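Inspection log for the structure reproduced underneath, given as structure tokens.
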Amino acid sequence: MPECRVYVLSSHPLFAEGLASILAHDRHNGVRVVGSGQSLQRCAGEIVALRPDVILCDTEVLRHLEGDESAWLHRLRVVEVDLRESQFRIDRSQTRTMRNGNDLIDAVACKGTPV
């Protein structure tokens, strides 16, 4: 299985640490966290340099973006976690219910059946 490189982006450091921990829990899932940060504006250069396959972020990060700030982000796969609704969105289109960490791993690793 090819490795899926993930950058965790969250406005809440504890949340980011939890997401990274879930993804790192099983080293055989094909997912590797390559970096993390709290805001897209501050981390854009690092994200471009690290070239992750997926950006995993919370809804707060995307809510505060202006149109031009995130134009380049649409070239990447984005998995947005919404804890209030217990769901995640993939590339702003597919919405899935998040039952456990395995659902999150499957979404990030591009596994599972598309909605």
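The numbers here are math on the coordinates, done by the rules we state, and not lab data. Here the structure is a predicted model, which is why all the values come from computation and not from measurement.
The table that follows gives values for the structure above.
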{"item": "Relative contact order, percent, the range 4-108 [alpha-carbon distance under 8 Å, six or more residues apart]", "result": "27"}
{"item": "Estimated vicinal HN-Hα couplings, Hz - the range 39-52 in sequence order (Karplus 6.51, -1.76, 1.60; Gly, Pro = x)", "result": "8, 5, 4, 7, 9, 4, x, 5, 4, 4, 5, 7, 6, x"}
{"item": "Gained length - ARG75 relative to HIS25, 0.36 nm times residue gap less alpha-carbon distance", "result": "15.2 nm"}
{"item": "Amide proton proximity set for VAL34, modelled H, under 5 Å, gap of 5+", "result": "VAL6, TYR7, VAL8"}
{"item": "Contour excess over end-to-end distance, with Cα ends at ALA49 and ARG84 and 0.36 nm allotted per residue", "result": "9.4 nm"}
{"item": "Amide proton proximity set for ARG77, modelled H, under 5 Å, gap of 5+", "result": "ILE55"}
{"item": "Fraction of antiparallel bridges per DSSP, the range 4-108 only, in percent to nearest 5", "result": "35"}
